[in-house]
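For reference, the structure is listed below as structure tokens.
The values are calculated or read from the model by the stated rules, or taken from the named source; none is laboratory data. Being a predicted model, the structure only gives us computed values, none of them experimental. Neighbour counts run over all protein chains shown; Cβ positions are idealised from the backbone, glycine included. These accessible areas exclude ligands, DNA and RNA; they are computed on the full protein's heavy atoms, side chains included. Shrake-Rupley method; radii C 1.70, N 1.55, O 1.52, S 1.80 Å.
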Amino acid sequence: MFARILKHRLELQQPQEVQDPVTGDITLAWTTIAYVWGEVAPLSGREFIAAQAVQTEISVRITIRYRSDITNDWRILFRNQIYNIAAVLPDLLSGLDYITLPCTEGLNDG
């Protein structure tokens, strides 16, 4: 993986349940875990058609250096756009160099 390919600054966020101190209600809040460099690439026409057979919402592929803690419950914030992680795919050679994250575009919930 060449460092020059990882040219986009990404914010990794993890969901956490937070209890309101007044009402006691449990709500979902997003906590920033890390800022990482990665590549955000829209799917090509061929990839998009192939992805529709499996998942119609997949719109981008994000590649970052390997991390063992990421799950598909997390999301990525890039240029004020939220991307929900659909899967975590290790690289084909060692499985420890980088991961590819097929993502769907999410709603900006603040």
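Miscellaneous remarks
- Residue in segment 15-38 that is nearest to GLY106 (Cα to Cα), counting only those that are touching a Pro at 6+ places or on another chain (Cβ under 9 Å) and open to solvent by less than 80 Å² (accessible area, probe 1.4 Å): TRP30
- Matching residues in segment 9-33 - criterion: being at pLDDT below 95 and among the acidic types (Asp, Glu): GLU17, ASP20, ASP25
- Among the residues making up segment 34-64, those that are modelled with pLDDT under 95 and farther than 12 Å from PRO102 by Cα are SER44, GLY45, ARG46, ILE49, ALA50, GLN52, ALA53.
- ASN72 falls short on exactly one of the conditions (1) within 11 Å of the chain's Cα centre (by Cα); (2) modelled with pLDDT under 90, and that condition is (2).
- Of all residues in segment 60-110, those that are in a strand (DSSP E or B), surrounded by fewer than 16 Cβ atoms within 10 Å (Cβ to Cβ) and basic (Lys, Arg) total 1.
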